[in-house]
Each structure stands twice: as structure tokens, then as C-alpha cells.
Amino acid sequence: MKYPNTLDLNTYRAYMCARHLNRDKNRLLDAINLDWDLNVPEPLKILCLKSIADNWMTVPYFRELPLCEDRQYLLDLLDLNFPLENLCSRVRSDAFWKRAFHHRWRNFVPIEVGTKPWIRIYLEQHLSEMVEHLKPNDYDQEGIKKIVDLCSPFVRELRVERLQPSLSDNSDHVPLDVVLANLRRLQRISLTYDVKDVGHNFFLGCATITEMDVKLMTQGLERCSELTEFRLHSSKLEPTMMKRISAALGKGCPNLRTIAFPHCRCGDIGLRAFCEPIHPKSFPNVREVILTNNFLSPESVQELTWRLRHRQIEKLDLRLNPILTEGAAYIMTSVYYMPLQELNLSCCSIDEQIEEYLLMLIRFNYTIKRFDISSNRLSPAMGERLLQRVYENKTLQQFDLRNTDISYDVRAIIDEVILENRDPHSLHMWQAR
């Protein structure tokens, strides 16, 4: 008897718990022994399905089978090592691709599965792994294009957490122009030009992104017309690179909603270079801007807030930037021109001189729901005045004041007051996180 993989594994374990069942050795039939029917002749239908499975490379019958139970039985018999070309074109079963995924990546747990089909989860991970382990010296454009064309109808998201460095004199990584240009339905991309392991071929600067890397990447980005989220993190970006990326995103990605450069150390000059190609009609759909740890000063923040005014920005993340109180004041006076819902100014070297702007923000802003100003040097006396303003704010749902010299008792009262602003659905989501 073959146990079908469509049934829950916990059900199998519950009925196979031998210590809770009384086994009668005198019985001819053992109900918990799945091998009891080895001597019983198999039905002709089962023999035919096994023959189809054994010869599936030459006769890939699947949709020709009329009954769903026959298809499912055939999927249980299929070898997981068949070429992807045959499997992708014939099989769409979630149960099969889930089994294939867990068979290949036993210790990997995919994130944000939700209602995504497992064929998409499998091929996204397959493509990411292929790009991450491909060495520049072994790059074959025709072979890469063939694999990308196979995955393209299913891939919506590409996560690349490392890239292999070149073994030659230059530090160029694997070209991404062919990969990005042929992923016609790509919506989210997250890139890191970095290495995670150090071998005998390590040299100083092997993880540095080069001008050629950016040039080839932007050539591919210009073809990603459905892209909604772009993240490039932990890669040192020069001003010319930032300008080239800005021009490519503005030209080829009209649906872009998220722009993120966390830990890219672009500095003030890099941010100005990124803003240079931007005109009033650029990035009309952008909702999130993430610039974590980019060495930004108050002057660059002033220009950034001027660029973001009158745009539909809903999230702004500037944590780990030394923008000081001056830069924070620029931001807090500009939020009234944006429908901002989330603001993160954690670890930004802000002191107690921000009190006037902070109190006005809490009192008069009615859009911000999540506000993080933790790890800044605020004064203990500011806590009482903030508490009075929080009572008047019915929009704020999260207010992080940890490591700000405000006493724990005052922060606890503020959290209780803010808790009343949350609706049951948002409170459930917050507790789940």
C-alpha cells in the first residue's frame, strides 16, 4: 500500500503510533502495516501507471489521464530528477512541486509562501541558486538565456544574496543583463554584490561592485516594465553608479513602488547623483524609500525631503544615518506634504533639541501610524510632554522610544495609550509579529 503525499503528515503519524494501538498477532491483516498487500496482485491500472512513470521521458503522459486520482498517483511515482523542461511544461500540481522543493532543499524554509504556487517557489529558488553559484569565468550567455526563458513564465521575485567574484584581474561579477531582461514578469528584485564565504581565491576588493556590473544590471532593469520593488543592499555605490541606476529605474520601471539602498554607503554625493535625473514626473508610483546606513548628513536630507514633497510616500526609513537634529527637523516639517504612514529615524544622532518639532508632529499629523525614534538622546523630561500629545493623537499605532533616556514607566503608559488606537485586525497582526 502506497501512502499518498497529498495527505497531512500529522495524520499519518497519528494513525501510525504503534504504542497507542493493540496489535493482534493472530490476525491475518495488520491494519498499521503498509506492506501487508505485497503478495496481492496489483490492478492493471496501477501497472499501467507504473509503466508510464518508468518511461515518462519518452512518453510524458499526464494531462491525457482522465481521472484526477490517476494523475496524483502518477505524480507520486515520478522521479524528481527528470529535466525541468519536461516537468515545467507538463506538471502544475502543487503537491508534486512541494515534494520536489523539500527533496532538493531539505533545510531551507521559504518565506512568504502564502498562496503562491509551489512551481513558482521552486523555480524562483532554482534561478536564485543558479545565479549565486555561477562563476564569471563559466558564464555561458546562451545557456543562461535558456534557463531564464524556462523560468520566466513563473518567476515574480528574484533574491540574490551573493555573487561569485571573478578570478581574473578585474572584479566584475556575473552579468545580470540577460537574466533581468528576459524575466518578463519580474516584480520584485533584491540584489547583493557580496560574498558569503572566503576560499583560496579571495582577494581584497572581490566583493566590490564595479561600473561594468552596474552598467549591465541597468541594461536589464530597463526591460523590467512590471517591476514594483527594487532593493540593492550591502554594496558600496559610487555617485556615477547611483545616477545610472536612477536613470534606468525612471526609464524602464513606471510601476516601481519601493526603492531601497540599505547599507550601500552612498553618502551625500551619491544621493545627490541619484536625485539628479529625477524630474517631477519620475517615479509616479513610488510609496517606499529606504536609505538605511548611507552616511547621509542634514544637507542631503534637506534635498531629499524637497524631492519627496507632494509625492505619495508612505514609508521613509533613514535609520543609522547621522542626520542630527537639523536633518530630523527637515523631515518632521515635510511630513505634512506627504501621506506618510511609517517613519524610521532610529540611531540618527538626534538630541533633545528636537522636542518642539516632535511634539508638533505628534499633535498635528494624522497619517503616521508607525514611528521609530529609538536610540537617540532625548531628555527624560520630554517623556511627560510626549505623553500629553499622545493622548490627543488617535492615529499613531506604534511609537518606539527605547534607549531615548525616557523612563520605562512613561514609555509603558504611552504604549497603553497607543494600544487603544489599533483596530482588532492590526492588533492581531502586531501580536503575530
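Side notes on the structure shown:
- In this structure, residue 355 and residue 423 have a Cβ-Cβ separation that, at R0 = 25 Å, corresponds to a calculated FRET efficiency of about 0.25.
- Segment residue 384..residue 141, full-extension length gain: 81.1 nm, with 0.36 nm per residue of separation and the alpha-carbon distance subtracted.
- Expressed as a whole percent, the accessible surface of the chain that belongs to carbon and sulfur atoms is 51, based on a 1.4 Å probe.
- Counting only protein heavy atoms and a 1.4 Å probe, the chain has 55 square angstrom of accessible area per residue.
- Fraction of C-alpha pairs exceeding 31 angstrom in segment 114-366: 29 percent, rounded to a whole number.
- Here's the picture: charge each Lys and Arg Cβ at +1 and each Asp and Glu Cβ at -1 in the chain, and of 296, 247, 51 the one pushed furthest to the positive end of that dipole is 51.
- Three-way shape label, the chain, alpha-carbon gyration tensor, a/c 1.5: oblate
- Multiplying the residue separation of residue 64 and residue 86 by 0.36 nm and removing their Cα-Cα distance gives an extension gain of 6.4 nm.
- Farthest positive-ward along the chain dipole, Cα basis, beta-carbon charges - from 261, 371, 180: 180
- Where labels lie 7 Å past Cα in the beta-carbon direction, separation of residue 263 and residue 45 in nm: 5.5 nm
- Where only DSSP H runs of four or more residues are counted, the chain gives -12000 deg cm²/dmol as its mean residue ellipticity at 222 nm, each run worth -39500 (n - 2.57).
- Pairwise alpha-carbon distances in segment 365-410 exceed 13 Å for 56% of all pairs.
- Computed from phi, the 3J(HN,Hα) profile of segment 150-163 under the Karplus parametrisation 6.51, -1.76, 1.60 (θ = phi - 60°) reads 5, 8, 4, x, 10, 7, 10, 9, 10, 10, 10, 9, 6, 9 Hz, with x in place of Gly and Pro.
- Vicinal HN-Hα couplings computed from phi for segment 343-348 (Karplus, 6.51 cos²θ - 1.76 cosθ + 1.60; Hz; Gly/Pro x): 9, 10, 10, 6, 6, 10
- Close Lys pairs in segment 114-366, defined as Cα atoms under 23 Å apart and 8 or more places apart or on different chains, number 17.
The values are calculated or read from the model by the stated rules, or taken from the named source; none is laboratory data. Predicted model only: the values in this text are computed from it and were never measured. All Cβ positions, glycine included, derive from the backbone under ideal geometry; neighbour counts span all protein chains shown. Heavy atoms of the whole protein, side chains included, go into the accessibility calculation; ligands, DNA and RNA do not. Shrake-Rupley method; radii C 1.70, N 1.55, O 1.52, S 1.80 Å.
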